[in-house]
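Here's the structure we're looking at; comments come further down.
The values are calculated or read from the model by the stated rules, or taken from the named source; none is laboratory data. What you are looking at is a predicted structure, and each value in this text was computed from that prediction instead of being measured. Positions of Cβ are generated from backbone atoms using ideal geometry, with glycine treated the same way; all protein chains shown enter the neighbour counts. Ligands, DNA and RNA are stripped out before the accessible areas are found, and what is left, the full protein with its side chains, is counted by its heavy atoms. Shrake-Rupley method; radii C 1.70, N 1.55, O 1.52, S 1.80 Å.
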Amino acid sequence: MNDLSSVPVPEEASARQRKPDWIRVKAPTSKGYGETRQLMRDLKLNTVCEEAACPNIGECWTKKHATVMILGDTCTRACAFCNVKTGMPGRVDAAEPDNVAEMVLKTGLEHIVVTSVDRDDLPDGGASQFVKVIQAVRAASSATTIEILTPDFRNKMQRAVEAIVQARPDVYNHNLETVPRLYPTIRPGARYYASLRLLEEVKRHDPSIFTKSGVMLGLGEERLEVHQVMDDMRCADIDFLTMGQYLRPTPKHAEVKEFVTPQAFKAYGAIARAKGFLQVAASPLTRSSYHAGADFAEMKAAREAKLAKKQPAKV
């Protein structure tokens, strides 16, 4: 496996980039944060909040909002932007679905986000574990809405998507991450158009499931390239677009080419809404699961309003 820990770090790259004021956050110290952290330890659950060094962890965990990362803590890919460790993963935990369901009950979550590492070593890429988690959460708390953020299931996409869609998550998320030109260096193990096809497949199997995707800004993308990604997403009938600032986890990862201003994010968001997305979240600190529950409620309301407009007027 391509482990970024083996990559030599140029001397000049080791200096920390100074972050602008608009993306600085306080270190997590609240009682709620500590309680959420302990609960994850007790249930032997991994979270992308910790593994990917999310800047919003203090805010979210204080509210007991944690994004569960299933299928272990080791990824079979080595993307240049990601802080999750890479290597050969261990055995799939058979108790994990029940542990996720117990976490939902103990936190009282109304909306849960479940993601995973890439598991190219598994025959189904880990799709069956997503299905088991969805089923376990549904059985434990039927009112909780479920959002999943899956990998691309390289070379296994058709069957994986079909199995997961049959389990009926409320939101199916898969991030494109960046513009096509940057894939060879930023997301070398993936293919841009394969990711688009995955989200198209979800809609083909079940148009009622909301689809969602996100991109990071600040990796060297051009403005018109971002606009083209928006157009590609709309052609794939993606409902929800998230856009956030890329932050370099360590000096061994891809460097930040630009800190995009809040005003620029606001402009991107306005363009995305004009292109027809049901929901758009665009700000420096936006991440896939940040405020996911509130965003889901807004997206659902937007779809209902859109459908109401299409209904013929009663005479």
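Pick from the stretch 248-263 the residues that are open to solvent by less than 50 Å² (accessible area, probe 1.4 Å) and out of contact with any helix residue (DSSP H, G or I) (no Cβ under 9 Å at 6 or more places or on another chain): which of them is modelled with the highest pLDDT? Here the answer is Val256.
Residues in the stretch 230-249 that are outside any loop (DSSP other than H, G, I, E, B) and either over 15 Å from Ala281 (Cα atoms) or touching a Pro at 6+ places or on another chain (Cβ under 6 Å) (or both): Asp231, Asp232, Arg234, Cys235, Gln245. Picking from residues in the stretch 206-217 that are over 11 Å from the mean Cα position of the chain (by Cα) and within 19 Å of Lys300 (Cβ to Cβ), the one that is most open to solvent (accessible area, probe 1.4 Å) is Pro207.
Just to be sure before I move on: is Lys203 open to solvent by 10 Å² or more (accessible area, probe 1.4 Å) and of a type in the set (Lys, Arg) in the structure I sent?
On the way: open to solvent by 10 Å² or more (accessible area, probe 1.4 Å): yes; of a type in the set (Lys, Arg): yes.
Criteria met by Lys203.
Just wondering, is there one or more residues in the stretch 79-97 that are open to solvent by less than 30 Å² (accessible area, probe 1.4 Å) and farther than 20 Å from Thr47 by Cβ? Yes; the residues of the stretch 79-97 include at least one that is open to solvent by less than 30 Å² (accessible area, probe 1.4 Å) and farther than 20 Å from Thr47 by Cβ. For Leu109, the stated conditions do not hold, so it cannot be described as farther than 17 Å from Arg287 by Cα, in contact with a Ser or Thr (Cβ under 9 Å, 6 or more places away or on another chain), part of a loop (DSSP other than H, G, I, E, B) and at pLDDT 90 or above. Within the stretch 264-315, restricting attention to residues that are of a type in the set (D, E, K, R) and touching a residue at least 12 places away in the same chain (Cβ under 8 Å), which residue is most open to solvent (accessible area, probe 1.4 Å)? The qualifying residue most open to solvent (accessible area, probe 1.4 Å) is Lys266. Within the stretch 223-234, being in contact (Cβ under 8 Å) with a residue 12 or more places away in the chain and more than 12 Å from Leu176 (Cα to Cα) holds for Glu225, His227, Gln228, Asp231, Arg234. Here Pro284 does not fit the description of being farther than 17 Å from Met243 by Cβ and of a type outside the set (Gly, Ala, Ser).
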